[in-house]
1. Quick one: pull the percent of accessible area on the chain belonging to carbon and sulfur, 1.4 Å probe, ligands and nucleic acids left out.
2. Summing -39500 (n - 2.57) over the DSSP H runs of n ≥ 4 in the chain and dividing by its residue number, what mean residue ellipticity at 222 nm do you reach, to the nearest 500 deg cm²/dmol?
3. Please give me, ordered by residue number, the GluC sites (Glu not before Pro) of segment 30-67 that lie in loop per DSSP and have at most 15 other Cβ atoms within 10 Å.
4. Which shape class, rounded, prolate or oblate, goes with the chain when its Cα gyration tensor gives a ≥ b ≥ c as root eigenvalues, a/c under 1.5 marks rounded, and past that a/b bigger than b/c marks prolate?
5. Report the residue, chosen from Tyr61, Tyr19, Tyr40, that carries the largest GNM mean-square fluctuation when the chain is represented by alpha-carbon nodes joined by springs under 10 Å.
6. Can you give me the accessible area per residue for the chain, using a 1.4 Å probe, in Å²?
Amino acid sequence: MLLTYSAFQALDRQQQDCYVHLHGQFMAHRWLENYSIELYSLGSFYCERWLEQECRHLPEYRSFSTDECLAWYPSQLQQAPY
């Protein structure tokens, strides 16, 4: 069963990470300073996976209930370079 936007936000960071790996559909990738940011579609909402490149912390997730986040990616969504 897919989660709603609100239910996803209520998960802790490790649970969000597992959920995205199981249910997320990769859409695009970008860089911001030291962060690798991946955009995923999770059915009725989107989320970004923020991974700091110099630390070994769990990734952080930022979720969006609308497609506003698509504007931060190139006009043609592309696959990650790795």
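The values are calculated or read from the model by the stated rules, or taken from the named source; none is laboratory data. Note that the coordinates shown come from a computational prediction; the quantities given were computed from them, not determined experimentally. Here the Cβ positions follow ideal geometry from the backbone for every residue, glycine too, while neighbour counts run over all protein chains shown. Calculation scope for accessible area: heavy atoms of the full protein, side chains included, ligands and nucleic acids excluded. Shrake-Rupley method; radii C 1.70, N 1.55, O 1.52, S 1.80 Å.
1. 49
2. Working: 2 runs with 17 residues, N = 82.
For the chain, the value works out to -5500 deg cm²/dmol.
3. Working: sites: Glu33, Glu38, Glu48, Glu52, Glu54, Glu60; in loops: Glu33, Glu54.
Counting only loop positions with at most 15 other Cβ atoms within 10 Å, the GluC sites (Glu not before Pro) in segment 30-67 are Glu33, Glu54.
4. On the way: a/c = 1.80, a/b = 1.15, b/c = 1.57.
Oblate shape, in that a/c is at least 1.5 and b/c is the bigger or equal ratio.
5. Maximum among the listed residues: Tyr19.
6. With the other protein chains kept in place, the chain gives 68 Å² per residue.
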